[in-house]
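The values are calculated or read from the model by the stated rules, or taken from the named source; none is laboratory data. Note that this is a predicted model, so its numbers are computed, not measured. Backbone-built Cβ (ideal geometry, glycine too); neighbour counts: all protein chains shown. Accessible surface is based on the protein model in full, side chains and every heavy atom, while ligands, DNA and RNA are left aside. Shrake-Rupley method; radii C 1.70, N 1.55, O 1.52, S 1.80 Å.
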Amino acid sequence: MSSADDTLAADPSTLGATPPEASGPGGAVMLRPGELFAGRYEVDALLGRGGMGAVYRVRDGKLDEVVALKLLTLESPAAQERFVSEVRLARRITHPNVARTHDFGEAGSVRFLTMEYVPGTTLEHLVEERAPLAPRPLVELALQITAGLG
(Lines give C-alpha, C1' and ligand atoms only; values in the text may rest on other atoms or scores of the structure.)
Protein backbone atom coordinates (compact mmCIF):
# COMPACT_ATOMS: atom_id res chain seq x y z
CA MET A 1 0.00 0.00 0.00
CA SER A 2 2.82 2.40 0.78
CA SER A 3 6.42 2.58 1.84
CA ALA A 4 7.96 1.63 5.15
CA ASP A 5 8.27 5.38 5.85
CA ASP A 6 4.54 5.33 6.69
CA THR A 7 4.97 2.93 9.63
CA LEU A 8 5.25 4.18 13.19
CA ALA A 9 8.72 4.86 14.53
CA ALA A 10 8.91 4.11 18.24
CA ASP A 11 10.96 2.33 20.86
CA PRO A 12 9.85 -1.32 20.59
CA SER A 13 10.40 -1.86 24.31
CA THR A 14 7.45 0.46 25.06
CA LEU A 15 5.10 -2.18 23.70
CA GLY A 16 6.17 -4.80 26.19
CA ALA A 17 5.76 -7.75 23.83
CA THR A 18 7.56 -6.42 20.76
CA PRO A 19 11.15 -7.67 20.54
CA PRO A 20 13.71 -5.57 18.61
CA GLU A 21 13.69 -8.03 15.70
CA ALA A 22 10.00 -7.15 15.17
CA SER A 23 10.97 -3.62 14.20
CA GLY A 24 11.06 -2.51 10.62
CA PRO A 25 13.35 0.00 8.93
CA GLY A 26 14.36 2.86 11.20
CA GLY A 27 12.92 1.16 14.30
CA ALA A 28 9.33 1.30 13.03
CA VAL A 29 6.93 -0.77 15.14
CA MET A 30 5.84 -3.94 13.38
CA LEU A 31 3.28 -6.07 15.23
CA ARG A 32 3.30 -9.80 14.55
CA PRO A 33 0.48 -12.37 14.54
CA GLY A 34 -0.09 -13.76 18.03
CA GLU A 35 1.49 -10.75 19.72
CA LEU A 36 -0.40 -8.97 22.51
CA PHE A 37 -0.53 -5.19 22.09
CA ALA A 38 -1.40 -2.82 24.96
CA GLY A 39 -2.18 -5.81 27.19
CA ARG A 40 -5.50 -6.23 25.40
CA TYR A 41 -5.30 -6.73 21.63
CA GLU A 42 -4.08 -10.03 20.15
CA VAL A 43 -2.73 -9.40 16.65
CA ASP A 44 -4.16 -11.56 13.87
CA ALA A 45 -2.85 -9.90 10.68
CA LEU A 46 -1.54 -6.72 9.10
CA LEU A 47 -4.30 -5.31 6.87
CA GLY A 48 -2.35 -2.44 5.35
CA ARG A 49 -0.22 0.67 5.76
CA GLY A 50 -0.88 4.23 4.74
CA GLY A 51 -0.06 7.84 5.42
CA MET A 52 -1.55 7.78 8.92
CA GLY A 53 -0.16 4.43 10.10
CA ALA A 54 -0.51 0.66 9.96
CA VAL A 55 -3.82 -1.17 10.41
CA TYR A 56 -4.13 -4.63 11.94
CA ARG A 57 -6.97 -7.08 12.48
CA VAL A 58 -6.90 -7.92 16.20
CA ARG A 59 -9.02 -9.65 18.84
CA ASP A 60 -9.98 -7.37 21.71
CA GLY A 61 -9.43 -9.53 24.81
CA LYS A 62 -11.73 -7.45 27.00
CA LEU A 63 -14.69 -7.53 24.63
CA ASP A 64 -13.84 -10.84 22.93
CA GLU A 65 -14.46 -9.48 19.46
CA VAL A 66 -12.45 -8.74 16.33
CA VAL A 67 -11.67 -5.07 15.70
CA ALA A 68 -9.32 -3.04 13.51
CA LEU A 69 -6.34 -1.48 15.33
CA LYS A 70 -4.57 1.45 13.71
CA LEU A 71 -1.12 2.50 14.95
CA LEU A 72 -0.82 6.21 14.28
CA THR A 73 2.18 8.08 12.83
CA LEU A 74 1.00 11.56 13.80
CA GLU A 75 4.06 13.33 15.17
CA SER A 76 3.18 16.98 15.69
CA PRO A 77 1.04 17.96 18.69
CA ALA A 78 -1.26 19.94 16.36
CA ALA A 79 -1.84 16.88 14.14
CA GLN A 80 -2.50 14.71 17.19
CA GLU A 81 -4.97 17.22 18.62
CA ARG A 82 -6.76 17.51 15.26
CA PHE A 83 -6.98 13.75 15.01
CA VAL A 84 -8.45 13.39 18.52
CA SER A 85 -11.09 15.99 17.58
CA GLU A 86 -11.90 14.02 14.43
CA VAL A 87 -12.23 10.81 16.48
CA ARG A 88 -14.71 12.55 18.79
CA LEU A 89 -16.79 13.59 15.79
CA ALA A 90 -16.48 10.19 14.08
CA ARG A 91 -17.81 8.42 17.19
CA ARG A 92 -21.12 10.25 16.67
CA ILE A 93 -21.61 8.78 13.19
CA THR A 94 -23.70 5.64 12.91
CA HIS A 95 -24.38 4.46 9.38
CA PRO A 96 -24.16 1.01 7.75
CA ASN A 97 -21.68 2.36 5.16
CA VAL A 98 -19.27 3.85 7.72
CA ALA A 99 -16.95 1.84 9.99
CA ARG A 100 -17.66 2.81 13.59
CA THR A 101 -14.79 4.24 15.64
CA HIS A 102 -14.43 2.66 19.10
CA ASP A 103 -11.53 4.19 21.00
CA PHE A 104 -8.34 6.22 20.94
CA GLY A 105 -5.50 5.29 23.28
CA GLU A 106 -1.78 5.09 23.98
CA ALA A 107 0.53 2.19 24.79
CA GLY A 108 3.85 3.64 25.87
CA SER A 109 4.71 6.20 23.20
CA VAL A 110 2.48 4.55 20.59
CA ARG A 111 -0.89 6.14 19.86
CA PHE A 112 -3.60 3.94 18.44
CA LEU A 113 -7.20 3.89 17.33
CA THR A 114 -9.63 0.99 17.36
CA MET A 115 -12.60 0.73 15.05
CA GLU A 116 -15.13 -1.70 13.71
CA TYR A 117 -13.54 -4.43 11.61
CA VAL A 118 -15.36 -4.86 8.31
CA PRO A 119 -14.36 -8.03 6.43
CA GLY A 120 -13.99 -7.74 2.71
CA THR A 121 -11.79 -6.06 0.18
CA THR A 122 -10.75 -2.48 -0.50
CA LEU A 123 -12.33 -0.30 -3.15
CA GLU A 124 -8.89 -0.03 -4.75
CA HIS A 125 -8.62 -3.84 -5.03
CA LEU A 126 -12.16 -4.13 -6.35
CA VAL A 127 -11.50 -1.58 -9.10
CA GLU A 128 -8.16 -3.19 -10.02
CA GLU A 129 -9.79 -6.61 -10.17
CA ARG A 130 -12.86 -5.61 -12.20
CA ALA A 131 -11.79 -2.52 -14.18
CA PRO A 132 -13.28 -1.15 -16.20
CA LEU A 133 -16.50 -1.30 -14.18
CA ALA A 134 -19.78 -1.42 -16.05
CA PRO A 135 -22.08 1.57 -15.46
CA ARG A 136 -24.55 -0.24 -13.18
CA PRO A 137 -21.98 -1.57 -10.62
CA LEU A 138 -20.19 1.79 -10.77
CA VAL A 139 -23.41 3.65 -9.92
CA GLU A 140 -24.16 1.17 -7.10
CA LEU A 141 -20.72 1.79 -5.60
CA ALA A 142 -21.11 5.56 -5.96
CA LEU A 143 -24.50 5.42 -4.22
CA GLN A 144 -23.04 3.46 -1.28
CA ILE A 145 -20.14 5.89 -0.95
CA THR A 146 -22.32 8.99 -1.11
CA ALA A 147 -24.81 7.47 1.38
CA GLY A 148 -21.98 7.02 3.88
CA LEU A 149 -20.68 10.52 3.27
CA GLY A 150 -24.18 11.97 3.64
Kindly list the number of the only condition in (1) under 20 Å from Thr122 (Cβ atoms); (2) open to solvent by less than 60 Å² (accessible area, probe 1.4 Å); (3) modelled with pLDDT of 95 or more; (4) not polar (S, T, N, Q) that fails for Asp44. (2)
Matching residues in region 71-83 - criterion: being assigned to a helix (DSSP H, G or I) and either modelled with pLDDT under 80 or surrounded by 14 or more Cβ atoms within 10 Å (Cβ to Cβ) (or both): Ala79, Gln80, Arg82, Phe83
Got a number for residues in region 49-70 being at pLDDT below 95, crowded, with 16+ Cβ neighbours inside 10 Å and of a type outside the set (A, V, I, L, M)? 3
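Considering only residues that are among the aliphatic types (A, V, I, L, M) and not in a helix (DSSP H, G or I), look in region 91-130 and name the one that is nearest to Asp60 (Cα to Cα).
Met115
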The one condition in (1) modelled with pLDDT of 85 or more; (2) farther than 14 Å from Thr114 by Cα; (3) surrounded by 12 or more Cβ atoms within 10 Å (Cβ to Cβ) that Gly34 fails to fulfil: (3)
So Glu116, is it open to solvent by 60 Å² or more (accessible area, probe 1.4 Å), at pLDDT 90 or above and over 18 Å from Leu31 (Cα atoms): yes
Residue pairs, Cβ under 8 Å, 6 or more apart or interchain, first in region 71-91 and under 12 Å from Gly51 (Cβ atoms) and of a type in the set (Asp, Glu), second open to solvent by 50 Å² or more (accessible area, probe 1.4 Å) and assigned to a strand (DSSP E or B). List them. none
Would you say Leu71 is under 11 Å from the mean Cα position of the chain (by Cα) and within 24 Å of Leu141 (Cα to Cα)? no
